[in-house]
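Some notes on the structure that comes next.
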Amino acid sequence: LTLESGLRHAVERGELQLKYQPQIDLADGAILGAEALLRWQPAGQQLVMPDAFITIAEETGLIVPIGEWVLRTACAQQVAWRQAGLPDLRIAVNLSARQFRQPGLDAMVARVLADTGCAADRLELEITESVLMERPDSAAETLQRLSDMGVQLAIDDFGTGYSSLSYLKRFPINALKIDRSFVRDIAAKRAASNDDGAIAAAVIALAHSMGLTVVAEGVETEQQRDFLRQLHCDQAQGFYFSEPMSAAALEHLFIQGA
Ligand code: G
Ligand code: G
Ligand code: MN
Ligand code: NA
């Protein structure tokens, strides 16, 4: 069985699942939302991580039905958490290049929001910097249509591509996510050199100067959290706070904490 033929049936066989990684307000430690992260569990096999199958899903076009399943599942979960008495969490969903360029993306998103009852402003779509900058004019149009619906938009892996700052200013986005490679540069120990975290600091300043929220990814240590908080980075996610977890485990966190 090839990866492709297995993946072709993954949706209908119910082999896909989402994990949710909490996103934390750095000012007070509250959980503001969660990023949905895709996993594939073929029957009788090891759990497959997205790096092992997203590329094939992109190349075969299977990312389109899979991506719709991800969006629908994540939005339904947002509503289920709200109905269970949790705060009105924001759900972040990753869009790949092919999904972002798929004609009718905005209509698909509108349909999923209507079907699930998830409010548009509770959904944040993450698109990588490199996807946006490859064809920035058409990207700006797609972003505008989504933004007009009230959906939140974030640039993922920010700092790893080659952003034109003039385009960045024109995109109707809400947030920048600092790539975890720059968070890793923040000294894990107190004996920091001057340029540790320089890029993270620059991205935070840039985002704030443009009125954008900034989210740090891949925060693994207390020192990284403290550094980011001192620079007034708004939000963070990473193993220091929590690994990606099941929906039930996330719900349990709130019930325990209450
Ligand atoms: O969950 P993990 O850290 O292993 O994710 C690895 C990569 O896969 C990340 O770049 C992440 O953005 C991507 N990814 C995770 N879930 C999804 C998804 O639902 N859709 C798309 N397009 N990419 C995803
Ligand atoms: O590209 P994107 O930001 O969507 O990737 C999310 C990926 O990052 C997921 O695969 C998730 O498992 C991973 N991840 C989340 N937190 C951490 C962390 O603290 N450290 C590392 N190394 N990876 C993380
Ligand atoms: Mn992401
Ligand atoms: Na990222």
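Residues in segment 15-44 that are open to solvent by 20 Å² or more (accessible area, probe 1.4 Å) and farther than 19 Å from residue 66 by Cβ: 25, 27, 28, 29, 30, 31, 32, 44. Summed over segment 145-163, the residues that are among the hydrophobic types (A, V, I, L, M, F, W, C) and within 15 Å of ligand 3 (Cβ to nearest atom) give a count of 4. Among what's in segment 78-120 and is of a type in the set (S, T, N, Q) and open to solvent by 40 Å² or more (accessible area, probe 1.4 Å), pick the residue that is farthest from ligand 3 (Cβ to nearest atom). That would be 83. Look at segment 1-21: where a residue is without any contact (Cβ under 8 Å) to a residue 24 or more places away in the chain and a partner is outside any strand (DSSP E or B), sitting 6+ places away or on another chain with Cβ atoms under 8 Å, you get 9/15. Just one of the listed residues (246, 242) is closer than 29 Å to residue 80 by Cβ and within 16 Å of ligand 3 (Cβ to nearest atom), namely 242.
From the list 72, 82, the lone residue that is in a helix (DSSP H, G or I), within 26 Å of residue 234 (Cα to Cα) and of a type in the set (Lys, Arg) is 82.
If you go through segment 214-231 and keep only what is more than 15 Å from ligand 4 (Cβ to nearest atom) and either touching a helix residue (DSSP H, G or I) at 6+ places or on another chain (Cβ under 6 Å) or without any contact (Cβ under 8 Å) to a residue 60 or more places away in the chain (or both), you end up with 221, 222, 223, 224, 226, 227, 230, 231. Selection over segment 59-68 of residues that are surrounded by fewer than 17 Cβ atoms within 10 Å (Cβ to Cβ) and under 19 Å from the mean Cα position of the chain (by Cα) gives a count of 1. Hey, could you check segment 206-230 for residues that are touching a strand residue (DSSP E or B) at 6+ places or on another chain (Cβ under 9 Å) and more than 13 Å from ligand 2 (Cβ to nearest atom) and say which is most open to solvent (accessible area, probe 1.4 Å)? Filtering segment 206-230 for residues that are touching a strand residue (DSSP E or B) at 6+ places or on another chain (Cβ under 9 Å) and more than 13 Å from ligand 2 (Cβ to nearest atom), the one most open to solvent (accessible area, probe 1.4 Å) comes out as 229. Would it be correct to say that residue 12 is surrounded by fewer than 19 Cβ atoms within 10 Å (Cβ to Cβ) and part of a loop (DSSP other than H, G, I, E, B)? Yes, satisfied. Here residue 195 meets the list (1) closer than 30 Å to residue 119 by Cβ; (2) loosely packed, with under 13 Cβ neighbours inside 10 Å almost entirely, failing just condition (1).
The values are calculated or read from the model by the stated rules, or taken from the named source; none is laboratory data. From a predicted model like this one, the values you see are computed outputs, not experimental measurements. So basically every Cβ, Gly included, is an ideal-geometry build from the backbone, and we count neighbours across all protein chains shown. In case anyone asks, the SASA skips ligands and DNA or RNA and just uses the protein heavy atoms, side chains included. Shrake-Rupley method; radii C 1.70, N 1.55, O 1.52, S 1.80 Å.
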